[in-house]
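To start, the structure itself, in structure tokens.
What follows is calculated from the coordinates using simple rules that are stated; it is not laboratory data. Everything numeric here is computed off the predicted structure, so don't read it as measured data. Note that each Cβ is placed from the backbone with ideal geometry, even for glycine, and that neighbours are counted across all protein chains shown.
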Amino acid sequence: MEMYTIMNGVAIPKLGFGTWQLEKGSVATKAVRQALEIGYRHIDAASAYNNEENVGQAVLESGLSRNELFITTKLWNRDHGFEQTIRAFEQSLLLLQTDYVDLYLIHWPIPMERRTDWKSGFGQSWEAMIQLYEAKKIRAIGVCNCRPHHLEYLIARTGFVPMVNQIEFHPGFWQKYVVDWCVEHSILIQAWSPLAQQRVFELPLLKELSGKYNRSLAQICLRWEIQKGVSPIPKSATESRIRENFNVFDFSLTPDEVKQIDRLPECGATGYDPDDFIYPS
């Protein structure tokens, strides 16, 4: 597995395995176990996915040592605040059956119940995560779904720059202004919804590249993201697709092809707007 190195020197696999919408129970456990057998070493979990316990079980069943893996999980909206963050993190450790996580992320910047006063809880959660990081319970800390004004607030409040920003990123919607700001501040971008829920699979350019390289449309999308310096996190419960998504390191798009995909028409977001959408608490 090829790796990125984030700003504190920690290595992170370029490709991760997502667990959003993996059904809690045997479905999630089986999918994560299959991903680990295929070769994935980064598993992206979250409190809100309600399957951290299954991720932990799959890791145990894999027989892999903990230091071979990179495990991410996330703080959910209802847990913003200093003490709430500490409690939520300890609960995640318990469910994952580990004594540390490699990456802990704030899932969304604005909790539904405090939309007009989002900075207080958001900032307190970041302060708690810094404390956990300095106590070596977390190897790296970051955020999800943050735009520059969210990141600027955290940095101004604490002087501590998030190491990762996980955002929606795929052909037709890659939030260039967010990416450019993060690159300027040495923040690694991770891509959720890296396949746009197949929304862009009918685009002629992607079909052309799929034929040229004898690769699936999904593989073209993931390869483009990796060549953009982004870490995609595809999810599937189907073993053949889990394997297909993993096999993206033995070919490359040309620089011109990367630019062509950059210029694909806007297709819109598949998920929530971090400033305007009222999402479940």
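Look at [x] -0.43, -0.90, -1.23; [y] -0.56, -1.08, -1.35; [z] -0.49, -1.00, -1.31: the one that is log10 I(q)/I(0) by the Debye sum over Cα atoms at q = 0.10, 0.14, 0.16 Å⁻¹ derived from this structure is [z]. The phi-based Karplus calculation (6.51 cos²θ - 1.76 cosθ + 1.60; θ = phi - 60°) puts the 3J(HN,Hα) values of region 139-156 at 7, 7, 10, x, 9, 10, 6, 9, 9, x, 5, 5, 5, 4, 5, 4, 5, 5 Hz, whole numbers, x for Gly and Pro. A simple packing score, the average count of other Cβ atoms within 10 Å per residue, orders the peptides 246-258, 50-62, 163-175 as 163-175, 50-62, 246-258, with the highest score first.
Percent antiparallel among DSSP beta bridges with both residues in the chain, to the nearest 5?
On the way: 4 of 26 bridges.
Close to 15 percent.
Restricting region 125-178 to trypsin sites (Lys or Arg not before Pro) that sit in a DSSP loop and have at most 15 other Cβ atoms within 10 Å of their own Cβ leaves 136.
For region 184-200, backbone phi angles converted through the Karplus equation (6.51, -1.76, 1.60; θ = phi - 60°) give residue-by-residue couplings of 4, 9, 6, 9, 6, 8, 10, 10, 9, 6, x, 10, 6, 6, 6, 4, 9 Hz, Gly and Pro being listed as x.
For residue 4, the amide hydrogen comes within under 5 Å of the amide hydrogens of 12, 14, counting only partners 5 or more places away or on other chains and with H modelled in the peptide plane.
Across region 237-249, coupling constants 3J(HN,Hα) worked out from phi with the 6.51/-1.76/1.60 Karplus curve, θ = phi - 60°, read 9, 9, 4, 5, 6, 4, 5, 4, 5, 6, 8, 10, 10 Hz, and Gly and Pro carry x. Amide H to amide H distances under 5 Å link residue 70 with 42, 43, where only residues 5 or more positions off or on other chains count and H is placed in the peptide plane. Within a straight-line Cα-Cα reach of under 20 Å, residue 207 can be paired with the following lysines, leaving aside sequence neighbours fewer than 8 residues apart in one chain: 228, 259.
Give the residue list of trypsin sites (Lys or Arg not before Pro) in region 232-265 that are DSSP loop and have at most 15 other beta-carbon atoms within 10 angstrom. Numbers along the way, then the final one.
Values: sites: 235, 241, 243, 259, 263; in loops: 235, 263.
The qualifying sites are 263.
The H on the amide N of residue 231, modeled in the peptide plane, is under 5 Å from the matching H of 189, 190, 191, each at least 5 residues off or on a different chain.
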